[in-house]
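Beneath this line is the structure, given in structure tokens, with notes to follow.
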Amino acid sequence: MKEIDVKFMKLAIKEARKGLGRTSPNPAVGAVIVKEGRVVAGGYHRSAGMPHAEVEAFEKIGNRAPGGTLYVTLEPCNHFGKTPPCTELVLKSGVKRVVVGMRDPNPLVTGGGCQYLEKKGLEVVTGILKDECIRLNEAFIKFISTGWPFVIAKSAITLDGWTATSAQHSQWITNEKSRGFVHRLRDRVDAVMMGVGTVLADNPAMTTRFKVKQGKDPIRIVVDTNFRTPPDAKVMKNESAAPTIIATSIDGNRCYLDCGPHPKGVETLVCPTFSGKIDLAALMEKLGKMSITSVLLEGGSMILGAMLRAQLIDKFYVFIAPKILGGGDGIPMVAGCGPKTMEESLKLQNIKVRRFGDDVLIRGYPSY
């Protein structure tokens, strides 16, 4: 792996990050064009239906870069979709070398763009900063491979492991910096999900709030088997442009229809049940069919436990605050029956630790 390729791929990844949270159901992609060791143009995919990263970069220099090198985080497409194949633009531009972060994870097209360019005589290098490029689009990769959304579980706990007091008081365990990071997470996902217990206890708005810029509100999903969500709950109000989906049973949907009038922007999603609760796997499948590629699971302990036991969580963000409740009657991070031995506990891998003031954030991926 050449040092110069790593240098310019980092810049392409930086470009791609500008589109995070805005491109679904497409991936976030960045590109830079280099000539004689200097970046002459860069671009990123801004949203679904808009030009791909390569197109945006080439347009800045008149679609010509003879002898140059294209760095792109994801393999250039070689098929017609909403836009023409990027491979044709690459060929017409005159670049002699293409450096790719990762191959297209779509099983129907993977490798096609790189192979096509190689057959046309271009030098193609793949796998530069591959892990970083995969992490960038982990939600898209799962969605395009399985049709199901990528689920991120977020929780905040005290040092002794509680997410709330015995009176269900939880605001605030973490500090303002940690909460600001959570709003950045909301800004980057398609949907945020919670159980009805969290709605009843905390009445959260589940919107994205920044101090200096406008955030994107995710779709709000409430898992509510018997439809207990109050009509005056914040998630039922139309103050946000994002809709609210109540995932409920057939009986719960009857309750919803009977309680009208129905707030604007609120709809129900009828799901099958399992042991008297919403079948969460069936819910994930339905969300995937709605082109929801990423879900941030924010609470509470009952639904987190159910999602965990169903092995539906792909990633964890756990904030640990330097606070101690000092009792044995708080609300745990995960409710329900757990294993009998430590050997049976769920282990996280690819751990990353960050500090937000006095709070500690642990990010990891479950090893089921």
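For residues that are surrounded by 11 or more Cβ atoms within 10 Å (Cβ to Cβ) and among the acidic types (Asp, Glu), scanning just region 248-272, find the one that is farthest from GLU285 (Cα to Cα). Here the residue is ASP251. Condition first: assigned to a loop (DSSP other than H, G, I, E, B), out of contact with any Lys or Arg (no Cβ under 7 Å at 6 or more places or on another chain) and buried (at least 17 other Cβ atoms within 10 Å of the Cβ). Can you find one or more residues in region 341-353 that meet it? No.
Any idea how many residues of region 298-326 are farther than 27 Å from THR273 by Cβ and either in a helix (DSSP H, G or I) or among the aliphatic types (A, V, I, L, M) (or both)? Steps first, please.
Keep residues of region 298-326 that are farther than 27 Å from THR273 by Cβ, which gives 317-326.
Going one step further and asking which of them are either in a helix (DSSP H, G or I) or among the aliphatic types (A, V, I, L, M) (or both), we end up with 318, 320-321, 324-325.
Selection size over region 298-326: 5.
Just one residue in the set ASP224, ASP160, ASP187 is of a type outside the set (Lys, Arg) and crowded, with 23+ Cβ neighbours inside 10 Å; that residue is ASP224. When restricted to residues that are in a helix (DSSP H, G or I), open to solvent by less than 70 Å² (accessible area, probe 1.4 Å) and farther than 25 Å from GLY62 by Cα, region 92-125 contains 1. Against the test of being hydrophobic (A, V, I, L, M, F, W, C) and more than 22 Å from GLY94 (Cα to Cα), the options LEU70, LEU74, LEU20, LEU11 yield a single qualifying residue, LEU20.
I'm trying to understand the selection: among the residues of region 14-26, which are buried (at least 20 other Cβ atoms within 10 Å of the Cβ) and either in contact with a strand residue (DSSP E or B) (Cβ under 6 Å, 6 or more places away or on another chain) or not in a loop (DSSP other than H, G, I, E, B) (or both)? If the condition is that a residue be buried (at least 20 other Cβ atoms within 10 Å of the Cβ) and either in contact with a strand residue (DSSP E or B) (Cβ under 6 Å, 6 or more places away or on another chain) or not in a loop (DSSP other than H, G, I, E, B) (or both), then GLU15, ALA16, GLY19 are the ones that fit.
Condition first: outside any loop (DSSP other than H, G, I, E, B), touching a Ser or Thr at 6+ places or on another chain (Cβ under 6 Å) and not aromatic (Phe, Trp, Tyr). Now tell me which residues in region 27-75 satisfy that. Even if it seems obvious, please write down each step before you answer.
Step one: list which residues in region 27-75 are outside any loop (DSSP other than H, G, I, E, B), which gives 30-35, 38-44, 53-59, 69-74.
Checking the rest, the ones that are also touching a Ser or Thr at 6+ places or on another chain (Cβ under 6 Å) come to 30, 34, 58.
Answer for region 27-75, where residues must be outside any loop (DSSP other than H, G, I, E, B), touching a Ser or Thr at 6+ places or on another chain (Cβ under 6 Å) and not aromatic (Phe, Trp, Tyr): GLY30, VAL34.
Select from region 274-298 the residues that are of a type in the set (Ser, Thr, Tyr) and either closer than 26 Å to ARG188 by Cβ or buried (at least 16 other Cβ atoms within 10 Å of the Cβ) (or both) and list them in ascending order. Hits for region 274-298 are SER291, THR293, SER294.
Determine whether GLU239 is closer than 24 Å to THR207 by Cα, acidic (Asp, Glu), part of a loop (DSSP other than H, G, I, E, B) and open to solvent by 60 Å² or more (accessible area, probe 1.4 Å).
On the way: closer than 24 Å to THR207 by Cα: yes; acidic (Asp, Glu): yes; part of a loop (DSSP other than H, G, I, E, B): yes; open to solvent by 60 Å² or more (accessible area, probe 1.4 Å): yes.
So GLU239 passes the test.
The values are calculated or read from the model by the stated rules, or taken from the named source; none is laboratory data. Here the structure is a predicted model, which is why all the values come from computation and not from measurement. Note that we place each Cβ from the backbone using ideal geometry, even for glycine, and neighbour counts take in every protein chain shown. Heavy atoms of the whole protein, side chains included, go into the accessibility calculation; ligands, DNA and RNA do not. Shrake-Rupley method; radii C 1.70, N 1.55, O 1.52, S 1.80 Å.
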